[in-house]
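Asks: Dropping a structure here in C-alpha coordinates format, bear with me for questions.
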Amino acid sequence: MCLLSINDKKPDKFIERTRDKSVNPCNLVTFIIQYEGRKIYIPLRRTNEGWRTGSNQRNKWEVENKIIIVGIGKVSEDVKQHVADYIRMLMGELGFDSKVEVAGKDDQVTRCANEILLGSSSQGAIDDESFMGELNKRRVRDATLRGAIVMTVNPQEYRFTDPDAIYGVGYEDGLVILRETREEAVRHEIGHMLGMHSHCKNPNCVMKWECPSKRFCKSCKANLKALWSRVDPE
Ligand SMILES: [Zn+2]
Ligand SMILES: [Zn+2]
(Lines give C-alpha, C1' and ligand atoms only; values in the text may rest on other atoms or scores of the structure.)
(Ligands and ions follow the chains in the order given, each with its own letter.)
Protein backbone atom coordinates (compact mmCIF):
# COMPACT_ATOMS: atom_id res chain seq x y z
CA MET A 1 0.00 0.00 0.00
CA CYS A 2 1.30 3.40 -0.94
CA LEU A 3 0.16 5.49 1.95
CA LEU A 4 2.06 8.57 2.90
CA SER A 5 3.83 10.82 0.49
CA ILE A 6 4.09 14.57 0.17
CA ASN A 7 5.26 15.57 -3.25
CA ASP A 8 6.68 12.07 -3.50
CA LYS A 9 8.98 12.51 -0.51
CA LYS A 10 8.70 10.14 2.42
CA PRO A 11 7.80 11.59 5.81
CA ASP A 12 10.35 11.19 8.60
CA LYS A 13 7.88 9.52 10.81
CA PHE A 14 4.30 8.38 10.90
CA ILE A 15 2.83 9.54 14.21
CA GLU A 16 -0.84 8.66 14.47
CA ARG A 17 -4.25 9.23 13.02
CA THR A 18 -6.66 11.66 14.52
CA ARG A 19 -10.35 12.27 14.68
CA ASP A 20 -9.89 15.43 16.69
CA LYS A 21 -12.50 17.81 15.26
CA SER A 22 -10.38 20.89 15.85
CA VAL A 23 -7.79 19.73 13.32
CA ASN A 24 -10.16 17.58 11.33
CA PRO A 25 -13.39 19.56 11.01
CA CYS A 26 -15.13 17.29 8.55
CA ASN A 27 -14.19 14.03 10.11
CA LEU A 28 -11.97 13.20 7.17
CA VAL A 29 -9.51 10.42 7.69
CA THR A 30 -6.48 12.39 8.83
CA PHE A 31 -2.98 11.25 9.62
CA ILE A 32 -0.41 13.12 11.65
CA ILE A 33 3.10 12.72 10.35
CA GLN A 34 6.44 14.29 10.99
CA TYR A 35 7.99 15.84 7.91
CA GLU A 36 11.28 17.73 8.01
CA GLY A 37 10.84 18.03 11.74
CA ARG A 38 7.34 19.54 11.58
CA LYS A 39 4.05 17.92 12.48
CA ILE A 40 1.70 17.86 9.54
CA TYR A 41 -1.95 16.86 9.34
CA ILE A 42 -2.93 15.20 6.12
CA PRO A 43 -6.44 14.30 5.10
CA LEU A 44 -6.44 11.16 3.02
CA ARG A 45 -8.74 10.03 0.30
CA ARG A 46 -9.31 6.63 -1.10
CA THR A 47 -8.49 6.06 -4.75
CA ASN A 48 -8.30 3.05 -7.02
CA GLU A 49 -4.63 2.83 -6.13
CA GLY A 50 -5.13 2.98 -2.36
CA TRP A 51 -5.00 5.90 0.06
CA ARG A 52 -3.66 9.18 -1.24
CA THR A 53 -3.04 12.57 0.23
CA GLY A 54 -4.76 14.43 -2.58
CA SER A 55 -3.31 17.10 -4.79
CA ASN A 56 -2.81 20.67 -3.62
CA GLN A 57 -5.04 21.76 -6.47
CA ARG A 58 -8.12 20.01 -5.18
CA ASN A 59 -10.83 22.27 -3.79
CA LYS A 60 -11.59 20.93 -0.33
CA TRP A 61 -15.32 21.52 -0.43
CA GLU A 62 -15.71 19.48 2.74
CA VAL A 63 -14.03 22.30 4.66
CA GLU A 64 -17.01 24.53 3.84
CA ASN A 65 -19.21 21.54 4.61
CA LYS A 66 -21.88 22.93 2.31
CA ILE A 67 -23.57 21.59 -0.82
CA ILE A 68 -25.25 24.11 -3.12
CA ILE A 69 -27.86 23.07 -5.68
CA VAL A 70 -27.79 25.20 -8.82
CA GLY A 71 -30.18 24.98 -11.76
CA ILE A 72 -29.08 26.04 -15.23
CA GLY A 73 -31.46 26.64 -18.11
CA LYS A 74 -34.90 25.06 -17.99
CA VAL A 75 -34.77 23.51 -14.53
CA SER A 76 -37.78 24.05 -12.29
CA GLU A 77 -37.66 25.05 -8.63
CA ASP A 78 -39.36 21.73 -7.86
CA VAL A 79 -36.55 19.74 -9.43
CA LYS A 80 -33.91 21.67 -7.49
CA GLN A 81 -35.84 21.21 -4.24
CA HIS A 82 -36.27 17.52 -4.91
CA VAL A 83 -32.52 17.11 -5.50
CA ALA A 84 -31.74 19.12 -2.34
CA ASP A 85 -34.15 17.05 -0.23
CA TYR A 86 -32.73 13.81 -1.54
CA ILE A 87 -29.10 14.84 -0.93
CA ARG A 88 -30.04 16.03 2.58
CA MET A 89 -31.56 12.61 3.24
CA LEU A 90 -28.52 10.85 1.77
CA MET A 91 -26.02 12.82 3.84
CA GLY A 92 -28.11 12.05 6.92
CA GLU A 93 -28.13 8.36 6.02
CA LEU A 94 -24.33 8.43 5.80
CA GLY A 95 -24.04 10.35 9.05
CA PHE A 96 -22.62 13.55 7.52
CA ASP A 97 -23.86 16.91 8.69
CA SER A 98 -23.27 18.97 5.53
CA LYS A 99 -25.58 21.92 4.91
CA VAL A 100 -27.59 21.60 1.69
CA GLU A 101 -28.87 24.80 0.08
CA VAL A 102 -30.72 25.71 -3.10
CA ALA A 103 -29.32 28.69 -5.01
CA GLY A 104 -31.68 31.20 -6.58
CA LYS A 105 -31.52 32.16 -10.26
CA ASP A 106 -29.87 35.50 -9.49
CA ASP A 107 -27.41 34.29 -6.90
CA GLN A 108 -23.72 34.80 -7.55
CA VAL A 109 -23.09 31.04 -7.70
CA THR A 110 -25.78 30.56 -10.39
CA ARG A 111 -24.46 33.47 -12.45
CA CYS A 112 -20.92 32.09 -12.25
CA ALA A 113 -22.01 28.57 -13.17
CA ASN A 114 -23.81 30.02 -16.20
CA GLU A 115 -20.73 31.93 -17.28
CA ILE A 116 -18.44 28.94 -16.86
CA LEU A 117 -20.85 26.76 -18.78
CA LEU A 118 -20.89 29.22 -21.67
CA GLY A 119 -17.12 28.88 -21.95
CA SER A 120 -17.01 25.12 -21.55
CA SER A 121 -19.83 23.93 -23.76
CA SER A 122 -20.72 24.19 -27.38
CA GLN A 123 -24.02 23.31 -29.02
CA GLY A 124 -25.32 21.87 -25.79
CA ALA A 125 -22.34 19.57 -25.18
CA ILE A 126 -20.65 20.18 -21.82
CA ASP A 127 -16.93 19.57 -21.49
CA ASP A 128 -17.05 18.75 -17.80
CA GLU A 129 -13.28 18.70 -17.28
CA SER A 130 -12.97 22.19 -18.69
CA PHE A 131 -15.90 23.27 -16.48
CA MET A 132 -14.17 21.79 -13.45
CA GLY A 133 -10.88 23.54 -14.27
CA GLU A 134 -12.46 26.96 -14.64
CA LEU A 135 -14.58 26.51 -11.51
CA ASN A 136 -11.51 25.63 -9.45
CA LYS A 137 -9.66 28.66 -10.82
CA ARG A 138 -12.49 30.96 -9.77
CA ARG A 139 -12.77 29.34 -6.37
CA VAL A 140 -9.35 30.71 -5.49
CA ARG A 141 -10.70 34.27 -5.52
CA ASP A 142 -14.44 33.73 -5.00
CA ALA A 143 -15.41 32.17 -1.68
CA THR A 144 -19.05 31.77 -2.69
CA LEU A 145 -17.95 28.98 -5.06
CA ARG A 146 -16.04 26.90 -2.53
CA GLY A 147 -18.81 24.63 -1.32
CA ALA A 148 -19.73 21.57 -3.35
CA ILE A 149 -21.78 22.58 -6.38
CA VAL A 150 -24.46 20.25 -7.65
CA MET A 151 -25.54 21.66 -10.99
CA THR A 152 -28.70 20.34 -12.57
CA VAL A 153 -29.29 20.88 -16.27
CA ASN A 154 -32.21 20.03 -18.49
CA PRO A 155 -31.39 16.86 -20.50
CA GLN A 156 -33.19 18.30 -23.54
CA GLU A 157 -30.79 21.23 -23.49
CA TYR A 158 -27.51 19.64 -22.46
CA ARG A 159 -25.44 16.51 -22.94
CA PHE A 160 -21.75 15.80 -22.27
CA THR A 161 -18.89 15.75 -24.75
CA ASP A 162 -17.79 12.53 -23.05
CA PRO A 163 -20.06 9.84 -24.55
CA ASP A 164 -19.72 7.70 -21.39
CA ALA A 165 -21.30 10.39 -19.25
CA ILE A 166 -25.03 10.06 -19.65
CA TYR A 167 -26.79 10.79 -16.37
CA GLY A 168 -24.13 13.03 -14.94
CA VAL A 169 -20.60 13.45 -13.66
CA GLY A 170 -19.18 13.74 -10.15
CA TYR A 171 -15.80 15.03 -8.98
CA GLU A 172 -14.27 14.86 -5.52
CA ASP A 173 -13.27 18.52 -5.97
CA GLY A 174 -16.89 19.26 -5.12
CA LEU A 175 -18.74 19.28 -8.42
CA VAL A 176 -21.64 17.22 -9.68
CA ILE A 177 -23.39 17.94 -12.96
CA LEU A 178 -26.70 16.14 -13.36
CA ARG A 179 -28.73 15.56 -16.50
CA GLU A 180 -30.83 13.02 -14.63
CA THR A 181 -32.32 13.75 -11.25
CA ARG A 182 -33.61 10.27 -10.52
CA GLU A 183 -32.54 9.18 -7.06
CA GLU A 184 -30.19 6.51 -8.44
CA ALA A 185 -28.35 9.03 -10.60
CA VAL A 186 -28.05 11.59 -7.82
CA ARG A 187 -26.76 9.00 -5.35
CA HIS A 188 -24.26 7.62 -7.88
CA GLU A 189 -22.73 11.01 -8.72
CA ILE A 190 -22.65 12.11 -5.07
CA GLY A 191 -20.86 8.81 -4.42
CA HIS A 192 -18.16 9.90 -6.88
CA MET A 193 -17.99 13.31 -5.24
CA LEU A 194 -17.51 11.68 -1.85
CA GLY A 195 -14.41 9.97 -3.20
CA MET A 196 -15.60 6.71 -4.77
CA HIS A 197 -13.56 6.75 -7.93
CA SER A 198 -14.31 3.41 -9.41
CA HIS A 199 -17.48 1.70 -10.47
CA CYS A 200 -18.75 -1.30 -8.56
CA LYS A 201 -19.41 -4.68 -10.16
CA ASN A 202 -22.28 -5.63 -7.87
CA PRO A 203 -25.51 -5.71 -9.96
CA ASN A 204 -27.45 -4.47 -6.93
CA CYS A 205 -25.26 -1.46 -6.26
CA VAL A 206 -25.89 2.15 -7.23
CA MET A 207 -22.16 2.56 -7.93
CA LYS A 208 -22.35 0.14 -10.84
CA TRP A 209 -21.97 2.16 -14.04
CA GLU A 210 -25.65 1.87 -15.01
CA CYS A 211 -26.95 2.87 -11.54
CA PRO A 212 -29.20 -0.21 -11.37
CA SER A 213 -30.17 0.20 -7.72
CA LYS A 214 -31.12 2.88 -5.22
CA ARG A 215 -28.65 1.54 -2.66
CA PHE A 216 -24.95 1.26 -2.05
CA CYS A 217 -23.84 -2.35 -1.71
CA LYS A 218 -22.29 -3.34 1.62
CA SER A 219 -18.78 -2.96 0.34
CA CYS A 220 -19.31 0.50 -1.19
CA LYS A 221 -21.05 1.71 1.96
CA ALA A 222 -18.18 0.37 4.06
CA ASN A 223 -15.65 2.08 1.77
CA LEU A 224 -17.49 5.38 2.10
CA LYS A 225 -17.63 5.11 5.86
CA ALA A 226 -13.96 4.16 5.97
CA LEU A 227 -13.08 7.14 3.85
CA TRP A 228 -14.99 9.63 5.95
CA SER A 229 -15.09 8.44 9.48
CA ARG A 230 -12.53 5.87 10.37
CA VAL A 231 -9.29 4.43 9.11
CA ASP A 232 -9.22 0.98 7.76
CA PRO A 233 -6.60 1.08 5.01
CA GLU A 234 -6.16 -2.09 3.05
ZN1 LIG B 1 -20.06 6.73 -12.37
ZN1 LIG C 1 -20.97 -1.34 -4.66
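The values are calculated or read from the model by the stated rules, or taken from the named source; none is laboratory data. Only a predicted model underlies this, so the values are computations on that prediction, with no experimental measurement involved. Cβ placement follows ideal geometry from the backbone for every residue including glycine, while neighbour counts extend to all protein chains displayed.
Asks: I'd like to verify a number: residues in segment 69-122 that are under 16 Å from the mean Cα position of the chain (by Cα) and of a type in the set (D, E, K, R), how many?
Replies: Looking only at that region, the number is 4.
Asks: Picking from G133, G147, which residue would you name as being away from ligand 2 (no atom under 16 Å from the Cβ) and without any contact (Cβ under 8 Å) to a residue 40 or more places away in the chain?
Replies: Going through G133, G147 in turn, the sole match is G133.
Asks: Also: Can you work out which of the residues in segment 201-210 that are surrounded by fewer than 21 Cβ atoms within 10 Å (Cβ to Cβ) and near ligand 2 (Cβ under 10 Å from one of its atoms) is modelled with the lowest pLDDT? Before the answer, list the steps.
Replies: Of all residues in segment 201-210, those surrounded by fewer than 21 Cβ atoms within 10 Å (Cβ to Cβ) come to 201-204, 208-210.
When the remaining residues are screened for being near ligand 2 (Cβ under 10 Å from one of its atoms), the result is 201-204, 208.
Values: K201: 88, N202: 93, P203: 94, N204: 95, K208: 91.
Looking at residues that are surrounded by fewer than 21 Cβ atoms within 10 Å (Cβ to Cβ) and near ligand 2 (Cβ under 10 Å from one of its atoms), I get K201.
Asks: Hey, among L28, L3, L44, L90, which residue is surrounded by 12 or more Cβ atoms within 10 Å (Cβ to Cβ) and modelled with pLDDT of 85 or more?
Replies: Values: L28 fails: modelled with pLDDT of 85 or more; L3 fails: modelled with pLDDT of 85 or more; L44 fails: modelled with pLDDT of 85 or more.
Testing whether each residue is surrounded by 12 or more Cβ atoms within 10 Å (Cβ to Cβ) and modelled with pLDDT of 85 or more leaves just L90.
Residue-by-condition table, conditions (1) within 21 Å of I190 (Cα to Cα); (2) loosely packed, with under 15 Cβ neighbours inside 10 Å; (3) within 16 Å of ligand 1 (Cβ to nearest atom):
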{"residue": "V109", "(1), (2), (3)": "yes, no, no"}
{"residue": "L118", "(1), (2), (3)": "no, yes, no"}
{"residue": "E129", "(1), (2), (3)": "yes, yes, yes"}
{"residue": "E134", "(1), (2), (3)": "yes, no, no"}
{"residue": "V140", "(1), (2), (3)": "no, yes, no"}
{"residue": "I149", "(1), (2), (3)": "yes, no, no"}
{"residue": "P163", "(1), (2), (3)": "yes, yes, yes"}
{"residue": "D173", "(1), (2), (3)": "yes, no, yes"}
{"residue": "I177", "(1), (2), (3)": "yes, no, yes"}
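Asks: Of everything in segment 212-234, what is of a type outside the set (S, T, Y) and at pLDDT 90 or above? Give them in sequence order. Outline the logic, then answer.
Replies: Keep residues of segment 212-234 that are of a type outside the set (S, T, Y), which gives 212, 214-218, 220-228, 230-234.
Answer for segment 212-234, where residues must be of a type outside the set (S, T, Y) and at pLDDT 90 or above: P212, K214, R215, F216, C217, K218.
Asks: Examine segment 211-218 for a residue that is surrounded by fewer than 20 Cβ atoms within 10 Å (Cβ to Cβ), more than 16 Å from ligand 1 (Cβ to nearest atom) and not assigned by TED's automatic domain parsing to the domain that holds K99, and state whether such a residue exists.
Replies: Taking every residue of segment 211-218 in turn, at least one turns out to be surrounded by fewer than 20 Cβ atoms within 10 Å (Cβ to Cβ), more than 16 Å from ligand 1 (Cβ to nearest atom) and not assigned by TED's automatic domain parsing to the domain that holds K99.
Asks: Taking the condition over 23 Å from N65 (Cα atoms) and surrounded by 15 or more Cβ atoms within 10 Å (Cβ to Cβ), does R159 pass?
Replies: yes
Asks: Determine, yes or no, whether V186 is in contact (Cβ under 8 Å) with a residue 60 or more places away in the chain, closer than 21 Å to H82 by Cβ, within 16 Å of ligand 1 (Cβ to nearest atom) and part of a helix (DSSP H, G or I). Outline the logic, then answer.
Replies: Working: in contact (Cβ under 8 Å) with a residue 60 or more places away in the chain: yes; closer than 21 Å to H82 by Cβ: yes; within 16 Å of ligand 1 (Cβ to nearest atom): yes; part of a helix (DSSP H, G or I): yes.
Yes: the conditions hold for V186.
Asks: Within segment 168-179, is even one residue within 16 Å of ligand 2 (Cβ to nearest atom) and either within 14 Å of the chain's Cα centre (by Cα) or in contact (Cβ under 8 Å) with a residue 12 or more places away in the chain (or both)?
Replies: Within segment 168-179 (the criterion being within 16 Å of ligand 2 (Cβ to nearest atom) and either within 14 Å of the chain's Cα centre (by Cα) or in contact (Cβ under 8 Å) with a residue 12 or more places away in the chain (or both)), the answer is yes, since at least one residue qualifies.
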